[in-house]
Every structure is written in structure tokens, then in C-alpha cells.
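Throughout, read-outs are computed from the coordinates displayed, never taken from laboratory work. Just so it is clear, the structure is predicted and the values come from calculations on it, not from any experiment. Positions of Cβ are backbone-derived with ideal geometry, glycine not excepted, and every protein chain shown enters the neighbour counts.
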Amino acid sequence: MSKVLGIIAEYNPFHNGHLLHLTKSKEETGAEYSICIMSGNFVQRGNTSIVNKWVKTEMALKSGIDLVLELPTVYSISSAENFAEGAIKLLNSLKIVDTVSFGSENSDIDILNRISGILYEEPKQYVEFLNEELKKGLSFPKARENAILLYLNDQKYSNILNQPNNTLAIEYLKALKKYKSHIMPIAIKREKAFYNSNCIVDEYASATAIRNMIVNNQFNDIRKVMPRLAYDLLMQEIENNQYVIDISKFEKEILYSIRRLSTADLKKFPEVNEGLENAIKNAANSCNTLAELINIIKSKRYTQTRIQRILLYILLNITKKDMYISRKTVPYARILGYSPKGKELISEIYNANPKITLITSVKNFFDSSNNKTYKHMLSKDILATNIYTLAYKNNSVANLDYTKRIVTI
């Protein structure tokens, strides 16, 4: 079969930078087919998707992706490590992917690989440096960055781990090593608009900037930085009031849940340790807004992103046990959409791995499967959609995972 490219993305929403990455990835790999492992209705940095996963799927397909598979929620809202592991495990299981391409601030694959090797092998001296940095009360990401620099003692590695896309790239590389994958990685340098940048550079803007433009009704600017078909889909959802700007839309649900739970209950959620459950509980008892809650809890050790992820775990009832199971499990392949070329890929996947669980119908899967782990994980995806649509201003229909058809173009 012709070469198959794998991409891991959130497309929140799909913009010109994503299109540039996809185009360059195809050029560099010579791939004729592309598969995207995509986050669903909630995303890795502890926030919501601006539009639902079926709309994002249609954006991706109309922009050149051939097959879109959903990264299960238990991975998609997790730490960078578990997010990357879940996506790489899923790509691996398809048995037909030749390369995986990711955007990063640094495109030197050797530098990224060197760091990923240290994180994978965890040499004794690096671990000692890491523990010393953690004792200073630093957040884990910052402590890890410092420990890497101390271990390598080379300035060319500075400013690598403090860039969000570099961090994910390194985790993808680490996961490829861990699972002894044959998939070859390539890094495409992210240029023009960086994560969290609010600037428009030429015809490029970050997803963060686009979401801010939506809040400020700057739709002419949005039109400049998105492919036309993706822009039209976004505007359609906005006009129908079926979009979710951010996690604050679930403010009362989150505060209610924390107030209802005991500190012992809060300890059951991922990334809640070292007495953080007490800080979360006390904060929720003393404020009425999500912004206040986050500001009270966050510190040098606990970043806002980590806190927002924890709030999503609480909202979606995803526990440490769920995360433990996810680490031991190869994800199912839930098909969200495909092009004619994507339909060919589905046949190739079945031929390459007859044992794979390809989900095309949620109802049929629950009726026919005996896999309790997959059923439990899929129930989290369904709950995530049901909660997500509560933020719609109208037409908040439940169980879309049962009624929405696979997106085809």
C-alpha cells in the first residue's frame, strides 16, 4: 500500500497553521493517505473544544485528512505523557501507519530525541537532579526542564521543554520508544503563530487567538486565518449557538461537584496528591466563580493547566483507576469520519490487524462486545458529549454518540 501519514491533533478549531502542517507533512513523507487521531469534545490542556467532535471531523476531512479516529476522552484530557501514549498506541494498533508528524517549536528531531531518550531511560543522575528540583517546590514540568538541563549541561537544550508543542513532541518520541514502534517520526517547525499567541501573522493565528476573536466578534479576522470550508462550518455552529468557548461554561457544575465531594473523594482523581485535595475543597467552599477557584489553588508548583485538567476529571468523573486502566490498555479505534480514500484505509486496517476493535456504531458495540474495559472507556466518551452539549444555548440533545452518523465526504 502507499505510504500512510499519522497526525495527532485537537483541531480546536482547524486553522491555516494546521493546513500548512498537513501539507508540509505530506510533502516530506510522500504520503498519499492520512489518518488523524483527534481529541473529542474536551482537550488536553484542561479545556473544551470550541465545536463538537463531528464538526471538527468535517473540518479535517474537507481540509485533506482521509480518516479521523477519536482519541478516547480518558487520554485526550490527560497529562502530556498519557495523551501521547494513548495516541501512539492507537496509531500503532492500526498496523498501516508509516510516519507520524507533529508540529513543534523546534524541528531538530535529534535534539528532541535526545531529551525523549533521557525521559524514557531515566538515568540515575537525571532522577537525582529531578528530585532536588522538586524539593524546591517547583511544578513537575519546570523541575523536569531544570533537571534535563543540569544532566545535559549544554545550552543548546535550553528553551526546549518550556515550549508546549516541544513537550508533546518529546512525549510522542518517548512513547514510540516505549512501544518499540516502527512508525518513523518527523517534526515540522511551528512558525508564524505560536500556542497562546494572540497575534495574526500573515494569514496565521493560533487556536487560542481564534477563540478570543470569537469572544470579541472579530469574524472578519477569523475568516483570514482559517480554510474557507472550516470557517463556514465554525460560523454555522456559532449561528446555531452550538459552540462552547471554554470550561467556564461548566462553572456551577464543577463547583457543585467539588462541594458535594469529600476530600477523600477528591483524592481519587488523577493529579490530586500532596494534600491538593484540601486546597481544592477549601477554595470551592470560599468562592463562586471558576476563575476565583483556579486563582486560589494555582501556585508555583500547581500550574493553571494542571488545575483545569483536574477540574475536567471531576466534571467527567474520570478517576485514578480509570487512568491506570488506560495505561494498561490499547485504545479502541472509534471512527468519526472518512473520505473515499479513508474508506480504503479502513479495509487496509482490517486486513493488517483483524483483531482490532473498530467502532462504527456505539449501539452495535454495546450490544455485541464483551470487552468491559472498552465499554467503560467508551461510556466516558458518551458522558463527555452529554455534558458538553449542556453548554449549548439551545438544542441540548443528549446521546449524540448514538444518533450522529459517521461523517463522510
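Taken one residue at a time, the phi angles of the range 311-319 give Karplus couplings (6.51, -1.76, 1.60, θ = phi - 60°) of 5, 5, 4, 5, 4, 9, 6, 9, 9 Hz. Gly and Pro are set to x. Dipole magnitude for the range 85-174: computed about the Cα centre from +1 point charges on Lys and Arg Cβ and -1 point charges on Asp and Glu Cβ, it is near 180 debye. Along the range 336-341 the Karplus relation, 6.51 cos²θ - 1.76 cosθ + 1.60 evaluated at θ = phi - 60°, assigns HN-Hα couplings of 9, x, 7, 9, x, 5 Hz to successive residues, with x for each Gly and Pro. Over the chain, DSSP H runs of length four or greater, each weighted -39,500 (n - 2.57), average out per residue to a 222 nm ellipticity of -15500 deg cm²/dmol. Of (1) 37, 26, 18; (2) 29, 27, 23; (3) 34, 25, 20, which is the value of semi-axes √(5λ) of the Cα gyration tensor in Å derived from the coordinates here? Checking each listed value against the structure points to (2).
Rounded to the nearest 20, the size of the Cβ-charge dipole of the chain about its Cα centre is 940 debye, with Lys and Arg at +1 and Asp and Glu at -1.
The range 349-406 and the range 24-100 have Cα centres separated by 16 Å. Mean-square fluctuations from a GNM of the chain, with a 10 angstrom spring cutoff on Cα atoms, peak among 127, 55, 100 at 127. Using only side-chain charges placed at the Cβ, +1 for Lys and Arg and -1 for Asp and Glu, the dipole size of the range 247-322 relative to its Cα centre rounds to 120 debye.
Remark: relative contact order (the range 247-322) = 41 percent; criterion is Cα-Cα distance under 8 angstrom and separation of 6 or more residues. Comparing 178, 393, 320 in a Gaussian network model of the chain, where Cα atoms under 10 Å apart are tied by springs, the biggest mean-square fluctuation is seen for 393. The gain in end-to-end length when the residue 177 to residue 252 segment is fully stretched comes to 22.8 nm, 0.36 nm per residue minus the alpha carbon separation.
Taking 23 Å as the cut-off for C-alpha to C-alpha distance, list the pairs among 26/355; 89/177; 53/363 that go past it. In this structure, 26/355 lie more than 23 Å apart at Cα. What the phi angles of the range 125-133 give under the Karplus curve with 6.51, -1.76 and 1.60, with θ = phi - 60°, is a coupling list of 5, 4, 4, 4, 4, 4, 4, 5, 5 Hz, glycine and proline written as x. Here, the range 247-322 is characterised by an Rg to Rh ratio of 0.90, where Rg is the alpha-carbon radius of gyration and Rh the Kirkwood radius. Amide H to amide H distances under 5 Å link residue 15 with no residue, where only residues 5 or more positions off or on other chains count and H is placed in the peptide plane.
Near the amide H of residue 184, within less than 5 Å, lie the amide hydrogens of 99, 100, all on another chain or at least 5 residues away, with H placed in the peptide plane. In this structure, the pairs whose alpha-carbon distance is over 31 Å, taken from 142/341; 124/180; 249/321; 95/156, are 142/341; 95/156.
Backbone amide hydrogens, once placed in the peptide plane, bring residue 71 within less than 5 Å of 38, 39, 40, excluding anything fewer than 5 places away on its chain. Using +1 at the Cβ of each Lys and Arg and -1 at the Cβ of each Asp and Glu in the range 65-143, identify which of 131, 102, 115 lies farthest towards the dipole's positive end. Checking the options against the dipole of the range 65-143, the answer is 131.
Highest GNM mean-square fluctuation among 257, 369, 104, for the chain modelled with Cα contacts below 10 Å: 369.
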